[in-house]
Amino acid sequence: MSTDLRPAPATAGTPAPAEPVERVTHGEAVGSVGSAPRGLLPVVLTATFMTSLDVFVVNVAVPSLQTGLGAGPAAVQWVIAGFGLALAVGLITAGRLGDRYGRRRVFALGLALFTLASAGCGLAPTAAALVGARVVQGLAAALMGPQVLAILRTAFSGAAQARAFAMYGLTMGVGAVFGQLIGGVLIRADLFGLDWRSCFLINLPVGLAALALVRRCLPESRAPHRPGLDPVGVLLVTAALTGLVLPLIQGRELGWPLWTRLCAAGSAVLLAVLAVHQHRTRATGSPLVDTRLFRSRAFTAGLFAQLAFWLGQASFFLVLALYLQPGRGLDALGAGLVFTAIGAGYLLTSTTAHRVAARLGRQTVALGGLLMAAGLGLLCLAGYAGGTTGSVWWLAPGLFVDGLGMGLVIAPVTSVVLAAVEPELVGSAAGVVATVQQVGGALGIALIGILHYGTGDPVAAFGHSVAALVGLELLLVGLVQLLPRADRPTG
């Protein structure tokens, strides 16, 4: 099967759906994956937006919740880290749960739990209660993430699938880019005196509305042969990812104590044991991560491209926020307004990325990487020129160009990885892809954080960090060339 970023025709070469699936309307099973219900995209993308938003909006709420709950530095760190750790650790297992029990069912469970946990966050009486609710939020987001990717992969085909993934990329980017602005607006508005709590409670009406539409709008799908859970694989992947992600989240703040290095070493050992276990289990049962996935050049090269992109993405948002707020003295709302320059570029290209991909194939991602490298180069120059006193709006041209590049990468690079996957492996593949996104983000923050915090001057820290990110984008461009060549356009 040819792997291509361009939408495939609805004839030979279009991946078959995982199995005939049901769409429930008034209690009757009708239709199939060939005709996706009209409300499917709004429902699953609502969940995607809430997850993306809650990764970033909490950064804006930190000063207010410190005051409101009397939270110390450790508690505040875990408000952020608890969500990210639970999300990263749970994604691969969640993909298998969807394959076995039905993706709609697991998605609905995750959405209900996420909405409930958001209420717990917004009503938390203590910092410890807030941390606990954030961990539950992360686990709920993990339940939803792989199901969204698998549903988009199985419910749509051809050009419709390309458009669906374009909307998925748009939604992720809007949540990330505008999360800080939305949080700043909510806190500034102080609706009903809720202050920072509104950043979490806003999820309640949105989540409940989406939940009410799940049964009507989402077809059910699962793997053709209902795979087992592989409890040993679940334990191994959970322990390995915890050992990998926890030091990345906590290490820099704590000065990389011995336990963080031991965790990282232990994680490498557990990942090796997991690989052996998965290979052996494939011959006798249902491995959690089927090693056949990695025989596909498109999947493996696409994963490395995903990793390179997310290494730079999460760390860039951190570096920019630190430069604008502690470095330049802007408040959350002012910094959020600067972020809109990225959003303008992102909205322009993310809505048309599937059309560009129809012509350029894999080079769409390469073009996006080059634009991001150019935008970051402009930012580096503007940061040094503006110093600590010049107008921050000199950053706008570079941010706009960076946003243009982002819009050409997020959806196409995800689409190409999943397009190469056989139907029975979609859930497992979606869990792996989502995990690489989260681990890449945590690793990027840890690595760029070392460079940024190791430089005392805020302007120099910003410039050095952004220069390093240019290198990551150029690496992305190189990795894209490892993807299989697309066929020439047929017209």
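What follows draws every value from the coordinates through simple rules; no lab data is involved. Worth saying up front: this structure is predicted, and the values here are computed from it rather than measured. Cβ: placed from backbone, ideal geometry, glycine included. Neighbour counts: every protein chain shown.
Couple of notes before you dig in:
- Two-site FRET efficiency, ASP457 against ARG355, from Cβ-Cβ distance with R₀ of 30 Å, rounded to 0.05: 0.10
- Relative contact order, percent, the chain [alpha-carbon distance under 8 Å, six or more residues apart]: 24
- If you plug the beta carbon distance of THR291 and LEU262 into 1/(1 + (r/R0)^6) with R0 = 30 Å, you get a FRET efficiency near 0.60.
- Segment 289-485 - charge dipole about Cα centre, Lys and Arg +1 at Cβ, Asp and Glu -1, debye rounded to 20: 500
- Fraction in percent of alpha-carbon pairs per bin - 5 Å, segment 289-485: 1, 8, 16, 19, 19, 14, 10, 7, 4, 2, 0, 0
- Our coupling estimate for segment 411-418, obtained by passing each phi through the Karplus curve with A = 6.51, B = -1.76, C = 1.60 and θ = phi - 60°, is 6, x, 6, 6, 4, 5, 5, 7 Hz, Gly and Pro reported as x.
- Crossing angle, helix 426-453 versus the chain [Cα axis fit, 0-90 degrees, rounded to tens]: 20
- Cα gyration tensor category, rounded, prolate or oblate, for segment 410-491 with a/c compared to 1.5: oblate
- Segment 62-124 - Rg and Dmax from Cα coordinates, angstrom: 15.1, 45
- Our coupling estimate for segment 301-309, obtained by passing each phi through the Karplus curve with A = 6.51, B = -1.76, C = 1.60 and θ = phi - 60°, is 5, x, 5, 5, 5, 4, 4, 4, 5 Hz, Gly and Pro reported as x.
- Cβ-based charge dipole, the chain, positive-most Cα from VAL60, THR351, ALA264: THR351
- Whether segment 191-299 is rounded, prolate or oblate, judged on the alpha carbon gyration tensor where a/c under 1.5 counts as rounded: oblate
- Helix 127-155 and the longest principal axis of the Cα set of the chain meet at an angle near 40°.
- For the peptides 416-422, 90-96, 316-322, the ranking by packing is 90-96, 416-422, 316-322, with the highest mean count of neighbouring Cβ atoms within 10 Å listed first.
- Over segment 37-222, equivalent-ellipsoid semi-axes from the Cα gyration tensor in Å: 29, 17, 14
- Packing-based order for 207-217, 145-155, using average beta carbon neighbours within 10 Å, highest first: 145-155, 207-217
- For segment 93-109, Karplus couplings with θ = phi - 60° (6.51, -1.76, 1.60), whole Hz, Gly/Pro x: 4, 4, x, 5, 4, x, 4, 7, 9, x, 6, 5, 4, 5, 4, 5, 4
- THR238 versus PHE192: modelled label distance in nm, points set 7 Å from Cα along the beta carbon direction: 3.6
- Cβ-derived FRET efficiency at R0 45 Å, VAL269 paired with TRP393, nearest 0.05: 0.35
- Lys/Arg +1, Asp/Glu -1 at C-beta; the chain dipole; positive extreme among GLY207, ALA239, LEU288: LEU288
- Cα centroid separation, segment 265-310 to segment 112-139: 32 Å.
- Within segment 215-245: backbone nitrogen closer than 16 Å to the LEU116 label point (7 Å, Cα to C-beta): none
- Computed over segment 42-143, relative contact order equals 35 percent, with contacts defined as Cα pairs under 8 Å that lie 6+ residues apart.
- One decimal place: the segment LEU213-ARG282 gains 21.1 nm when fully extended, by the rule 0.36 nm per residue minus the C-alpha distance.
- Ranked packing of 435-441, 260-266, most packed first, by mean Cβ within 10 Å: 435-441, 260-266
- Cα centre as origin, Lys/Arg/Asp/Glu Cβ charges: the chain dipole, Debye: 960
- Length released on extending from GLN481 to THR126, taking residue separation times 0.36 nm less the Cα-Cα span: 122.8 nm
- Alpha-carbon centroids, segment 155-180 and segment 407-461: separation in whole Å: 16
- As a ratio to 2.2 N^0.38 Å, the alpha-carbon radius of gyration for segment 230-287 is 1.31.
- For segment 289-485, averaging the sequence separation of C-alpha pairs within contact (under 8 Å, six or more residues apart) and dividing by the residue count gives a relative contact order of 42 percent.
- Computed log10 I(q)/I(0) for the chain at 0.06, 0.08, 0.11 Å⁻¹: -0.25, -0.45, -0.90, from the Debye equation with unit scatterers placed on every C-alpha and solvent omitted.
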